[in-house]
Amino acid sequence: ARIPDDIAVIGFDDRRAASLSWPLLSTVAQPNLEVGEAAGDILLQKIAGDDPPPEGWTRTFPTRLVLRESA
């Protein structure tokens, strides 16, 4: 199969390797630092026995599509 002529390939996280692969890998990028900080905060709150915040434990972060050669 030929990429992207016959099949499109998309990765997730926009790791550095995506920009070094052949063909260059299209990816969905997310704010990894913000996700990690939020996860750490939630973990510490749960360890402390805190009640869930009004919006709950779930967090939503913006993503963006990074188009390269694979899609």
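With semi-axes √(5λ) of the Cα gyration tensor in Å defined as stated, name the option among [x] 22, 13, 8; [y] 30, 16, 13; [z] 36, 11, 8 computed from the structure displayed.
Matching the structure shown: [z].
Stretched out fully, how many nm does the piece from A48 to I7 gain, at 0.36 nm a residue minus the Cα gap?
My answer for the length gained is 9.9 nm.
Using the Karplus equation 6.51 cos²θ - 1.76 cosθ + 1.60 (θ = phi - 60°), what ³J(HN,Hα) coupling, rounded to whole Hz, does each residue of the range 12-21 give in order, writing x for Gly and Pro?
Result, rounded to whole Hz: 9, 4, 6, 5, 4, 4, 4, 8, 10, 6.
Give the relative contact order (percent, whole number) for the chain; include only Cα pairs under 8 Å separated by 6+ residues.
On the way: 84 pairs, mean separation 32.5, N = 71.
Worked out over the chain, it gives 46 percent.
Just the number, please: carbon plus sulfur as a percent of the accessible area of the chain, 1.4 Å probe, no ligands or DNA/RNA counted.
58 percent
What's the ranking of 34-44, 17-27 by average number of surrounding C-beta atoms within 10 Å, highest first?
Packing proxy ranking, top to bottom: 17-27, 34-44.
Karplus couplings for the range 54-60 from phi (6.51 cos²θ - 1.76 cosθ + 1.60, θ = phi - 60°), rounded to Hz, Gly and Pro as x?
Going residue by residue, I get x, 7, x, 7, 6, 10, 10 Hz, with x marking Gly and Pro.
Farthest toward the dipole's positive end in the chain, which of V35, A18, A48, given Cβ charges of +1 (Lys, Arg) and -1 (Asp, Glu) about the Cα centre?
Farthest along the dipole direction, towards plus: A18.
The values are calculated or read from the model by the stated rules, or taken from the named source; none is laboratory data. These numbers were taken from a predicted model, which means no experiment stands behind them. Quick reminder, even Gly has a Cβ in these numbers, built from the backbone with ideal geometry, and neighbours come from all protein chains shown. To get the accessible areas, we keep the full protein, side chains included, count just its heavy atoms, and leave off ligands, DNA and RNA. Shrake-Rupley method; radii C 1.70, N 1.55, O 1.52, S 1.80 Å.
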